[in-house]
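Undergrad: Can you keep this structure in mind? I'll have questions shortly.
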């Protein structure tokens, strides 16, 4: 009798464990299916450009944010490329009746084509305090190819999702989307503005959403 009860308890626990494991799998699959849906992806792109502050919480993955290249070179003529790695944990409130969907978004490039310009005044030192002029200057990007930046969409477990809506989006929408998430980081990291013609584009003058 004892053995039968013991076996029954074990079977119940095993079944319970299998049920929970299956429930987790189904939940993960539901998230993956939603992330793979192109209409959902387009909604995310549009909400990123129109309602990001109210629907999307983006947290920087500190270990995956950096820039490289020769953008720091003082000789403007030698500046030609930048590299970028910038990843975010996303919480997306796509439906007000449901919990936010969590996934990862990454922007990266081994070679962003850039150019740099600016001005520099060496000042005038060595006179009196009233007559001294401190050196001054400013530099900015006058060329920055946003299209050189790739975008990855991943589950929080690291499974890559084909970002079809981004791939099929008009070129200007792609640039706007990349800018939305990376422009502030690039500006803060390099301490330079990006002054190129496409910076005048906005979602309001590009038909898509």
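The values are calculated or read from the model by the stated rules, or taken from the named source; none is laboratory data. Keep in mind that what you see is a predicted model, and the values were worked out from it rather than measured. Note that each Cβ is placed from the backbone with ideal geometry, even for glycine, and that neighbours are counted across all protein chains shown.
Undergrad: Provide a single number: the residues in segment 64-123 that are within 19 Å of the chain's Cα centre (by Cα) and under 29 Å from residue 37 (Cβ atoms).
TA: 23
Undergrad: Separate question: Can you give me the number of residues within segment 168-202 that are at pLDDT 95 or above, touching a strand residue (DSSP E or B) at 6+ places or on another chain (Cβ under 9 Å), closer than 22 Å to residue 50 by Cα and in a helix (DSSP H, G or I)?
TA: Qualifying residue count for the region: 10.
Undergrad: Considering (1) surrounded by 16 or more Cβ atoms within 10 Å (Cβ to Cβ); (2) in a strand (DSSP E or B); (3) touching a helix residue (DSSP H, G or I) at 6+ places or on another chain (Cβ under 9 Å), say which one residue 45 fails and leave the rest.
TA: The one condition residue 45 does not meet is (2).
Undergrad: Taking into account only those residues within segment 67-95 that are free of Cβ contacts under 8 Å to residues at least 24 places away in the same chain and part of a strand (DSSP E or B), which is nearest to residue 174 (Cα to Cα)?
TA: 85
Undergrad: Follow-up. Given (1) at pLDDT 95 or above; (2) more than 19 Å from residue 187 (Cα to Cα), where does residue 107 come up short, assuming only one miss?
TA: Answer for residue 107: the failing condition is (2).
Undergrad: Inside segment 50-59, can you point out the residues that are touching a residue at least 60 places away in the same chain (Cβ under 8 Å) and under 15 Å from residue 182 (Cβ atoms)?
TA: Those that are touching a residue at least 60 places away in the same chain (Cβ under 8 Å) and under 15 Å from residue 182 (Cβ atoms): 52, 58.
Undergrad: Which residues, taken from segment 120-153, are at pLDDT below 90 and in contact with a strand residue (DSSP E or B) (Cβ under 6 Å, 6 or more places away or on another chain)?
TA: Correct list: 120, 121, 123, 124, 133, 136, 137, 138.
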